[in-house]
Structure formats: structure tokens, C-alpha cells
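To keep things clear, I will list the structure first and then write my remarks on it.
The values are calculated or read from the model by the stated rules, or taken from the named source; none is laboratory data. Not measured: the values here are computed from a predicted model. Here the Cβ positions follow ideal geometry from the backbone for every residue, glycine too, while neighbour counts run over all protein chains shown. Ligands, DNA and RNA are stripped out before the accessible areas are found, and what is left, the full protein with its side chains, is counted by its heavy atoms. Shrake-Rupley method; radii C 1.70, N 1.55, O 1.52, S 1.80 Å.
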Amino acid sequence: MTYLVDGKQISAEPHAGQCLRTFLRDFGSFGVKKGCDGGDCGACTVWLDGVPVHSCLTPAFRAAGREVTTIAGLAVDGVLHPMQQAFLDAQAFQCGFCTAGMIMTAASLDAERLQDLPHSLKGNLCRCTGYRSINDALHGRTSVEADVAGRACGASLPNPFGPSIVTGQAHYTMDVAVEGALHLKVLRSPHAHARIVAIDRQKALAVPGVAGIFTWEDVPRRLYSTATHEDHLVDPDDTYMLDNVVRFVGQRVAAVVAETEAAAEAACHLLDVTYEILPAVFDPVTAMEPDAPVLHDKGDAARGNIYVDIKGEVGSVLEGFAGADAVHEMTYSTSRVQHSHLETHGSIAWKDETGRLHVRTSSQAPFIAKQKLCHLFQMSPRDVHVFCERIGGGFGGKQEMISEDLCVLATLKIGRPVQWEFTREEQFIGATTRHQMTTRVKLGAKRDGTLTAIDVHVVSNTGAYGGHGGETLAAALGNPLTAYRCKNKRAEGYAVYTNIVPGGGFRGYGASQTTFAIESAMDDLARTLGIDPFAMRRLNMVRPGDWMESVWKDPSDVTFGSYGLDQCLDLVEDALSSGRGAEPPAGENWQSGTGVALAMLDCGPPTEHRSGAEMALLPDGRYHLAIGSTEMGNGSVTSHRQIAASVLSTRADQVAIINADTDLTPYDTGTFASTGTVVAGRAVDAAANALLDNILDFASRHTGAPTSECHLDDDEIVCGNRRMSLQDLWKAGHAVGHRFEAKRKAYLSPRTVAFNVHGIRLAVEKVTGEIRILQSVQAADIGRLINPMQCRGQIDGAIAMAIGWTLTENMMIDDHGAVINPAFRNYRIPAFADVPESEVHFADTYDAIGPLGAKSQGESAINPVAPAIANALANATGVRFAHLPLTPDRIFDRLSHDA
Amino acid sequence: MNLNAIRAIKRPLTADEITGWASGDAWLAGGTWLFSEPQPSLETLIDLEQLGWPALALSDGGLDIAATCSIATLYGFNPPVQWGAAALIKECANCLLASFKIWNAATVGGNICMSLPAGAMISLTVALEATYELWQRDGTQREIPALDFVTGNHANVLKPGELLRSIHIPARSLSKRFALRHASLTKLGRSAALIVGTQTGGTGDMLLTITAATPRPVQIAFPAVPTSIELRRAIDAAIPGDGYFADPHGSAPYKHHLTYHFAEQIRQELAQPAVLA
């Protein structure tokens, strides 16, 4: 068969059941992405004879003799298609993984379809942007600013990889062809709890092309946690790479490696596994009962299924409630949700001719992944190289090592390269999720609203494994309580094992769950007392001079580097009363209301976190920056260049950056816990300053001018009245053996605090339960904005993710512990139509602790959104909905009885 | 996605070329469902594309839609002005979860044969009292009312190898008035309830078609627009309390509730005199 792909002729015979997506990728069209492989996300959109289709659903043979256009063929003679240019101008991407499909769809829209973007874009999912910047692109709006020497910091500069993203040339983890690579597939458990009695591999081994089958008997019997942290002791070593006990539906049972994915898949189906079914438990409260089946017997069985319990009290809540005029007590709960980064997990491992191991992976923490691999396989660190190229979203989901290990195992056993790419279904049944938490909140207050006691009881369902279970629980009991000054606080939390797909790290990290509970409860208490919710918060919120504490008495390293919570509340209150936003729909069944919630975030985790940066002046007068942190759409590469450029009085474009590579960059704990700016950014700041000193010092010696009279000016240096190019300076230095290089490390102490306040005005149809958000406004106190466009984009994306958590997303689990809806068509992450455009405001603060005045912001914006929506719903209806998600079928019956 | 168990593609020029039928055989129309999930039990796909059935045929008797007609083609159909109910085509298509890109490949017959409760082409053709022409592998043909085709969630009357050839929508139902109501848990999402009422011009009758809320379509004919109480009783008689369909797109009680609510809205709309365009 003959195909015409992006103007090039291809003669090939696809496999009978092959879809066009993989066929195109087989011939190097890596711009055609796999987001879901089931027609739901649109990342694989191509044109067939000019008509847009999802290539994952298109039988490959049907494209024969037709003209196929992919993102790589959209530009003509090197001139970008206007839609590609529009996406660049608006920077309508963050991780960029959905961008190729988004552009191929957008560029196909006629005038009529352009008028109806909610319908026209319903087949394209973006998890990062919240669609605002995509909407900007489709309306021809420009967001980027000029790159001016000395003004890089604070400017809305574009992502340096933008041109490769919009042309499909950016290489994500699986976008390489590794010669001779074998494909790995895993057989996953159909049972929630079972012992593996026997695995008969005979039939599977007979499948042509199968190169190896690995079960629990073939892996190092070494316990570890898949969660990645600097301190590996904060997560329980409760996992074997492959185990003879499975503890959730979807757990890995065996890995098959074969010449093709099809052969590996076929062999998986032919593995004959004998299971001894064990009793299972799904509800964490039941799991804490003495007679519950115990999941783990690894030395800590005495605690039953309670992986960890955390308790603390300051003052006396007993006395606090005794002195209260009003007490509010209610139980609130949040649902289990999946990160749904558009790029699934995946890794490729191979050995080079010297026997050294290389792992290309999609990880938020390549250095920790390397350490874990060294631990598991007892390898020397020098023999292992782990790196990321471009990553299609993380959100905490890639703060795990769940694909690298099996690829390495197979490579070490067989000696050939091995690659493994998760399916979308595997993301839901075999990766990690946000911890489902149930939170009982009891608040006491004086008549005037002054809090007298806060008492919180949390049960977190950590699922079958405990990675992140303790840290998320600690976070859940931390900031949401610290945000309020109150003499008497108590909290008690349990992270409990159950036979469900495990919890993990997820943007907001435990604090999201209890912020929902506590901010809902604050609203309920305010209503009981007849106090305005803004006033209630202003009365009780933490302020500079307060001793910041949750329920632990020992001093912490968190301090006020700046404070803008008061500004944030004012900004949101003003916005909600401004009359902006949409009118409620007409009709007596529509009721509308407003709601507000606040959130506080310690900028960085309480556990250790460190980052290193190296900088050098290059012979051509440009700069080299190497930083270990990962860029997964969070924008750190852009902001790190800006920080360096700012220190060196140059343009961001003068700074060439490499990142996330254990060979080429200094050590970095990982990009999580909102550390991209406050730790890695600080390392860049320090390295850039060190290089500046190095350059000025040499220039001073070279010219004889004192350093006080030397300064950098873009690509030149001025010393007294002499001006020379950095190229010449480098030559001069090189001639005398001077090295223009610097390296610095950053740690995370002390930590500052950031605040976010969200306001919502919504309408609800009391018969159908439909919710329409009329106005959404967030104010963020995140210090100085290193890149205002990016900061707004992170907040837009966090709001959209929160809207999904609040209104549409919910992993449903059946009676046997299996996920009912492991596909985007049944698990709805927000599409264009689901996300209103939000107003985003910033408090005017400059932080004394964070680099260049900046604070953390990747996560905090998500936390106040769900309670703001729930509070607005309560305000509209007089009914408190205490359990997420707030889907129409969960709310209609409590609203419609009087309809 | 790749369907790795598929061993062969057959591309017949006429349906007669396919004589036998094996358990691993499947007809391939648009492929938008077949390729969206693993199909480990299928071995051979039989492509309908080259049968070359004309997508749409218009006659005094009504509209004939080939099973292989794409949803995009049907969406673009420009009906005669007297066929007021043809506007249901666009309205139903817009109730699909699938985007317009899927419509470019997905077929009307595919949506019907998938037989999901929320299959909007089922809603459309049942509401418009269509008949389906089915071709069996022994060469015999049969016609059945659209209402009787779907028997449950993802289940229908097709025998192994039997093929949906075409859908006939009679002109008399295309000439009716209609009212449609629809709700989804998410914006533009899969239907939790898709309910259509039609009324013959010049009469006060009412034909109510309930889909998405129930595992299979339910149709209730009223010689005259009922009262609110009569309507509710008729719904209760047609659908037992446990007869509503629960899935991630809506709980059964919610779909039950929406059915009452939307049916009543439709009743009220059709009780009003028609407004001439």
C-alpha cells in the first residue's frame, strides 16, 4: 500500500488491526501523540484528505492512497501555519503534549465551528492550561512579551521549546525509535487480594517473538516504595517489584517482553495464573477494625492496616469548645481522582557498549529514580544514567518510579533495549491517585466569630500501598489548620491500607482534601453565626506576628517571607461584587449564590529538598545553565532562564539550558512540592550570581578596572570606560587558563508561605442539578511574578483541575475493588466547555526568602477552588453538599423536592 | 488503538461475498468504537466501506440512510422544508459525546449497532419511527421497527453476521412537530436522559420516546396530549422503578427523575398550539 504522509510517499503494509496512529509513528511521525488511544483526547488528530480525524481510531489501511497531514506537515516551506503561530503568540500550551492534536483540530475549523468552540473542541483534552490560553490563541491574542536584556525577570517570555512544540518536533519520552528495542507489557491482577500459587508460562513462551517472562520469582526480593522523596524513610518499604501477593485489581503480576507490543500482549493473555483468593477490604474504616483482613505483613502487622497515624494538640480543644457560643460539626469527604497527565507513564532502558545502563523516562524525579534503581538492582551509581527529555505533564503522578524498574530488569536479563508505555487504562488501574479522605471537622467560636477550637479527624484511604500516605496526611493536618489563629487545635489522622489502587502525590498533596473540609466548615459556622464569610475569615486568619502552628508544638522553619492574604481577600471580594461575570440563566428553577475559600501553603515540603545548578560562559558569549530539576509543563525551564538572565543582565535567549539528566546536570531531588522556583530557582540564582562574580573578577583583573566599576550589559561587559564583548572576554580568559564556570546548591530552609483565595458565583438548576459557574476569580499571593503569563497559566490550569475534581471527576470502584470507569469517556476531565474563564489577580508582595522575591505556586491555586464552589452552592441553595464530586445526580434530590 | 488480535481484513465489494460467519468476525464501519477498546476475541474485520452504499436517498416516502452513512454526512443533510422534524438530526447529533471529528468517521449504523443507551442515532431513529433493514448471512432480509432493535445495554436483535443495511425514516414522521430535552452530568457530555416527543401535524397526539435513561428505548403513544398525571402513570406503566440505567453518566434515581421532568416539559410544549415558522 502507498501512503502520502506530509508530502512524503511511504510504501508499507500495516498490520491487519493496526491503527493509523501507530503506523504513522512507525515511520517517524512522532508528532502524532497517544493521549488515550481510544478517541477521547484528540492528541493524535491528523487530517485525512484535509478532514480531521482521530488517528487512533482510524484503521491504518483506510489511509492508503490518501493524503495524511500531521502536525509536522502543517508548516509550508518552513513558514508556520497561522494557527501554529497563534499558539506561539498566546503560548497556548504548558507541557505541550496535547498541542499537536489541538492545533490540527483548531486549524481545521471553519468560520461556523470557530463560533462554537465548546462543541468544536470537545474532542481535545488539555490537562495543563485550563483552556484559557488556547481560547486566546483561537482569538488571535498575543501574550508574549519581548526579551529585553536586564528585564527578563518579570516579563512574560515564551517557552524556549515553543517552536518545537507547535511543529510536533518536541520529543517526549516515547518519541524516539530505539533500534532493536523490545516491548514490555504487564499482566495485571483481576483480583483485589490474592496469593499467587502458580504461574504457568508455557503457552505464553510459545508466542513467536517473546523474549522473556518475569514473575515475582525473577525479581530481587527487595522491599522499597515507588514514591520518590529525598528522604526515602518517609515512605514505607512495602512494595516488591513483582510480588507473590496482589493487593489491588490492576497490580502487576508478570512482565512479558517481546519483539512487538502485540506479541507481548498476546503472551500476557496466555499466562496461566493460579490465584488463592484472599479476603479483601475496601473501606478504610472497616479496614481499621480488628477483624479486617490485613494487607501487609512486613514487620508492622501489629498496627493492622493503619500505615500511619498522626496526632497533635495545642492548647485544649476541650476547653475551647467549653468556651464556645456556637459549635459546628460535620463530616466532609473528597473523591479518588487520577492525575490524567496526557502523556502516560513510560520508560526506555538500554545498555551501551561499555555495559552502562541508560534510562530515558517520564519522571518528576530522575535522580531519585536512579537511586531506587541502584538500590533494587544493587548497581553502582556510576553505572546508571537516568534522564528526561520532554515530559507531558506530571501533577505528582510522576513522583513515582513505576515504569523504569521493569524495563531495567528486562534489559539486564536480556541485554537488549526495552521500552514500556502505559495505556490510558493502566493509568487508572495501575498508577497512583489522589488519596480519598474523609474529614470530620468540629469548630467552636464566640458569638463574634472568634474561633475557640478547631478539631479535625481525617481518615485517608492510601489504597494497597503507602507511598505518600504519611506525607499527604501530614500536609492534610498542616496548612489548612495553620491558616487560622486559634489557641486550641487538635488533629488526628489515619492513613489506612485497603485493597484499592494506591494513593500517591497529587497537586495540592493532602492539603487540598482538608482545605475542602475546613473551608466548608468555616462557611457553615459563619452561616450559623450570621457572619459574612469574608469577615469570618478576616477575623480569624493568620497574620504576620502570629506564631504559625497547626497542632505540633515544636518550632518549624516556616516564616513570613511576605504576606498578602489580606490583599487576596480584598481582591476576590471586590471582584465578586463588581458585577462582572455572567448573569444567571433566566427561570425560576435557577438559584444563584457566591462562595469564597482560602488556602495557605508552606513553600516547599517539610522533608529535605535540594537542588544544584551549574553555569558557564560559553566561547560564543552565551551562557550554559544545567539544572537537575524536571520540566513537565510547569514552566521551570522558562523561569530558570529568566532568573539567570536577570542576574547576568542579559536576555533569556542568551541562556542555553539543559535539565533533568543525572549525567549532565547537578543533583536535584525532583520537581514536586512546588519547589521549581523556591529550591531549583534559588540554585539558579546562586549559580548565576557566582558566575557573575567570576566574570567581574576576571574582567577586573583583565582590564585593571576595579570590580565596582565593572558590570554586564547583555552580551558585553563594561569595565570603567572600556566595553568588550563576552566572546572576547572569554577568549582572554581562556588564553590565561581562566574558567568561567560556577556551581551552587540550594536547600530549603527557611520556608516562606503563599496564599490563595478563590471566589465563585454560580447558578444551580434545582430540578436537574446542573451547575453553571457565572464568575470564577482567584487572587494569589505568590510574591514577585518571574513570568506573569506563566503564573497566570499555572493558576488557570490548577483551577480547571480543581473544577474537574469538584464537578466531574470521580474514580468509581465496584464491589470487587475494580475501577469502573478507567477511560476518559467515562471519567471526565474538564473539556473546553467545562471550564469558565477565571479572573486571576495577584497580591503585591515581594518575598524576603524566595529567589528574586518569588514564592511557590504550582500547587497552591488548586486548594481553595473546591470549597469555594461548594460554599457558593450552599449559599445558593441553603443546602450543604459535603461530599465531592458535586455532580447533578448527587445533588438533584436535595434541591428538587420543592420544585 | 491497535487491535492486536486481528489477523485479517476482508474488503468485499458486495455483502454476498461474505458467506460464512466465524465467532471472531466483525463488520467494520467507521471503526470509531471497535478501535477504541481492546478486542481480544476478534480475528477478522470485514470492511463495509467498499460496498459503496449511497449514504442518503430521498423520496416521497421518506429518507433512507445507509448504515455506512457517516454522522457528518447525515448532519450536513439539507432536508425539504416540510420535514420539520429533520431538525432532530442535528439536535440528536449534538447530544453525542463524540466530537465532530469522530462524526467524520463514525457511521449512523455503527452508533445504532453499538446499542448504548445514550446512542443518539437510536434516539433519532426511534423517535422518528424508522424501520431498519437487516441482511442475514443466508441472504434473507428482514425489516424491524427501530424501537425493537436495541434490547438492552450494548445488546440488540442482530444474529451472528447479520448486517444493518439501512434505516428508513418515513416522510410522515419527518413532517411532525417535535420537542427534545436532554441532560448530561457534564457540559456537552454523554446523555443521562435524551427524551423526544413528536406530534402529527393537525392532531393533538403525542409520541414520547425515552432514551439514555433506560437500557433500551421506551416509546409511549398517546392519542391526545395527556394530562400531567396521565403522563406520569404511563411512564410508570412502561418503565418499572428499577428499569432505569445506572452508569458513570448518571444514577438510576437521577435518570428516573429527569425522565419525569423532561417528559412533563415536552408534554407542556406539545400541548401548546404549534407556532408557525
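Listed values, structure above:
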{"item": "Kirkwood-Stokes translational diffusion coefficient of region A:458-545, alpha-carbon pairs, 25 °C, 0.890 mPa s, µm²/s", "result": "172"}
{"item": "By average C-beta atoms within 10 angstrom, highest first, the peptides B:44-55, A:771-782", "result": "A:771-782, B:44-55"}
{"item": "Assigned charges on the beta-carbon of Lys, Arg, Asp, Glu; chain A dipole about Cα centre (debye)", "result": "500"}
{"item": "Size of region B:54-172 as Cα extents on the principal axes (Å, biggest first)", "result": "39, 32, 23"}
{"item": "For q = 0.17, 0.18 Å⁻¹, Debye-computed log10 I/I(0) when each Cα of region A:2-166 counts as one equal scatterer", "result": "-0.98, -1.08"}
{"item": "Cα-based shape type of region B:125-180, given that a ≥ b ≥ c are square roots of the gyration tensor eigenvalues and the cut on a/c is 1.5", "result": "oblate"}
{"item": "Accessible surface, per residue, of the protein assembly as shown when the full set of protein chains is kept, probe 1.4 Å, Å²", "result": "34"}
{"item": "Region A:346-448: trypsin sites (Lys or Arg not before Pro) in DSSP loop, at most 16 other beta carbons within 10 Å", "result": "A:Arg356, A:Lys446, A:Arg447"}
{"item": "Average Cα contact separation per residue, chain A, under 8 Å, 6 or more apart, as relative contact order %", "result": "15"}
{"item": "Inverse mean reciprocal Cα-Cα distance (Kirkwood Rh) of region B:84-143, Å", "result": "12.7"}
{"item": "Residue mean of other protein chain beta carbons inside 10 Å, B:93-99", "result": "4"}
{"item": "Backbone N within region A:260-279 under 17 Å of label point (7 Å from A:Ala198 Cα along the Cβ vector)", "result": "A:270-277"}
{"item": "DSSP H segments from chain A that extend 27 Å or more along their own axis, Cα-based, with Kyte-Doolittle mean of -1.0 or above", "result": "A:682-703"}
{"item": "Cα centroid separation - region B:96-149 against region A:150-216, whole Å", "result": "38"}
{"item": "Burial of 30 Å² or greater, region B:29-50 residues [accessible area, probe 1.4 Å, versus chain by itself]", "result": "B:Phe35, B:Ser36, B:Glu49"}
{"item": "Computed over region A:610-747, Kirkwood Rh from alpha-carbon pairs, angstrom", "result": "14.9"}
{"item": "Calculated P(r) of chain A - Cα pairs past 41 Å, %", "result": "36"}
{"item": "Normalised contact order of region B:177-271, rounded percent, pairs of Cα under 8 Å and 6 or more residues apart", "result": "30"}
{"item": "Cα centroid of region A:722-784 to Cα centroid of region A:809-839, whole Å", "result": "29"}
{"item": "Cα centroid separation - region B:1-71 against region A:353-367, whole Å", "result": "45"}
{"item": "Shape call, region A:255-382: gyration tensor on alpha carbons, a/c limit 1.5", "result": "prolate"}
{"item": "Relative packing of A:854-866, B:136-148, A:802-814, which averages over residues the other C-beta atoms within 10 Å, highest first", "result": "A:854-866, A:802-814, B:136-148"}
{"item": "12 Å Cα-Cα reach of A:Lys553 towards aspartates and glutamates, excluding residues that sit fewer than 8 places from it in its own chain", "result": "A:Glu313"}
{"item": "Residues in region B:185-216 occluded by at least 30 Å² - accessible area, probe radius 1.4 Å, against chain by itself", "result": "B:Leu185, B:Thr186, B:Lys187, B:Leu188"}
{"item": "Peptides ranked, highest mean first, by Cβ atoms within 10 Å: ranges A:475-485, A:166-176, A:723-733", "result": "A:475-485, A:166-176, A:723-733"}
{"item": "Sequence-distant residues sharing a close amide H with A:Gln436 (under 5 Å, placed H)", "result": "A:Asn461"}
{"item": "Label-point separation, A:Asp297 to A:Ala848 (7 Å along Cα→Cβ), nm", "result": "5.7"}
{"item": "Inter-chain Cβ neighbour average for residues B:105-111, partner chain, 10 Å", "result": "2"}
{"item": "Histogram of C-alpha separations across chain B, 10 Å bin width, %", "result": "7, 29, 35, 21, 7, 1"}
{"item": "Percent accessible area from carbon and sulfur atoms, the protein assembly as shown, protein chains only, probe 1.4 Å", "result": "51"}
{"item": "Leading residue at positive end of dipole, the protein assembly as shown (Cβ point charges), from A:Gln378, A:Val46, A:Gln338", "result": "A:Gln338"}
{"item": "Taking the convex hull of Cα positions in region B:104-222, its mean projected area over all directions (nm²)", "result": "8.1"}
{"item": "Value of [θ]222 nm, deg cm²/dmol, for chain B, DSSP H segments ≥ 4, -39500 (n - 2.57) each, nearest 500", "result": "-6500 deg cm²/dmol"}
{"item": "Computed P(r) (all Cα pairs; region A:295-454; 5 Å bins; percent)", "result": "2, 8, 12, 12, 11, 11, 10, 8, 7, 6, 5, 4, 2, 1, 0, 0"}
{"item": "Cα coordinate range in region A:1-93, projected on the principal axes (Å, largest first)", "result": "42, 30, 21"}
{"item": "Column: log10 I(q)/I(0), Debye, Cα scatterers of region B:177-271, q = 0.18 Å⁻¹", "result": "-0.73"}
{"item": "Reachable lysines from A:Lys413, criterion Cα separation under 25 angstrom, eight or more residues apart if same chain", "result": "A:Lys185, A:Lys203, A:Lys351, A:Lys370, A:Lys372"}
{"item": "Filter on A:Lys33/A:Lys122; A:Lys8/A:Lys33; A:Lys33/A:Lys855 - keep pairs with C-alpha separation over 22 Å", "result": "A:Lys33/A:Lys855"}
{"item": "Residue-averaged beta-carbon neighbours from other chains (10 angstrom radius) around A:8-19", "result": "4"}
{"item": "Value at 222 nm in deg cm²/dmol, rounded to 500, when DSSP H runs of n ≥ 4 in chain A each add -39,500 (n - 2.57)", "result": "-7500 deg cm²/dmol"}
{"item": "Amide H within-cut-off set for A:Tyr3, under 5 Å, with H built and near neighbours excluded", "result": "A:Ile10, A:Ser11, A:Ala12, A:Gly65"}
{"item": "Difference of contour (0.36 nm per residue) and Cα-Cα distance, A:Glu583 to A:Thr331", "result": "87.4 nm"}
{"item": "Size of the B/A contact, given as accessible area buried on both chains, probe 1.4 Å, in Å²", "result": "4000"}
{"item": "Contact order normalised by residue count of region A:2-166, Cα under 8 Å, 6+ apart, percent", "result": "24"}
